[in-house]
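First up is the structure itself, then whatever we jot down about it.
The values are calculated or read from the model by the stated rules, or taken from the named source; none is laboratory data. What you are looking at is a predicted structure, and each value in this text was computed from that prediction instead of being measured. Don't worry about glycine lacking a Cβ; one is built from the backbone with ideal geometry, like all the others, and counts go over all protein chains shown. Side chains included, ligands, DNA and RNA excluded: accessible areas come from the protein's heavy atoms. Shrake-Rupley method; radii C 1.70, N 1.55, O 1.52, S 1.80 Å.
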Amino acid sequence: MARRIDVTGAGGVRLAAWEFGDPPKTDRPDRPDRPDRPDRPGAAGELPGVLLLHGLMGRASHWAPTARWLAARHRAVALDQRGHGRSEKPPGGAYTREAYVDDAEAALEQLGLGPAVLIGHAMGALTAWQLAAKRPDLVRGLIICDMRASALGAASQHTWTEWFRAWPVPFATLADVR
């Protein structure tokens, strides 16, 4: 099960975060110390946090199988980064590296996840890496998947720009998108 949690990102952008795991159980008279999860010690807020950040062409739901697996022992949250999934698509092209990092920072703080393990794929890996450098107090660990070492270089940005310009937008059909 995934539960949506609204988060406010940089510049007031509305972001959708998705927490994965079983819903809390409140009718456990046999475990008054842990009515929501009898198999876990401590309070729900004490579970180690994990923030999952998708890649450029992704969304939070791409992490669903991983997040469900992690939810057995962690508070696993996947973030729809700005302009992706159910998060707001800010007008005026406010899609900077700084905005993505600030959004992830805001999510960690507002959700009380930190210090958390950040798991990022591609663009999300770059965001996680930069956030770990900016706010090491919020990061317990960092897992980077499929990130180019030259991700910040001008040539890299030019390549992406040309690739997007080559798209036949608008797409005629959903099959063309795929």
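List of remarks:
- Yes/no for Y95 being without any contact (Cβ under 8 Å) to a residue 40 or more places away in the chain and farther than 16 Å from L51 by Cα: yes
- Flag if L174 is crowded, with 16+ Cβ neighbours inside 10 Å and either at pLDDT 95 or above or not β-branched (V, I, T) (or both): no
- Some residue of the stretch 72-84 being closer than 16 Å to M1 by Cβ and in a loop (DSSP other than H, G, I, E, B): yes
- Odd one out for G114 among (1) touching a helix residue (DSSP H, G or I) at 6+ places or on another chain (Cβ under 8 Å); (2) assigned to a helix (DSSP H, G or I); (3) small (G, A, S): (2)
- Qualifying residue in the stretch 14-32 (condition: open to solvent by 50 Å² or more (accessible area, probe 1.4 Å), over 19 Å from L131 (Cβ atoms) and modelled with pLDDT of 95 or more): yes
- Lone qualifier among D102, D80 - being at pLDDT 95 or above and either open to solvent by 40 Å² or more (accessible area, probe 1.4 Å) or over 27 Å from A133 (Cα atoms) (or both): D102
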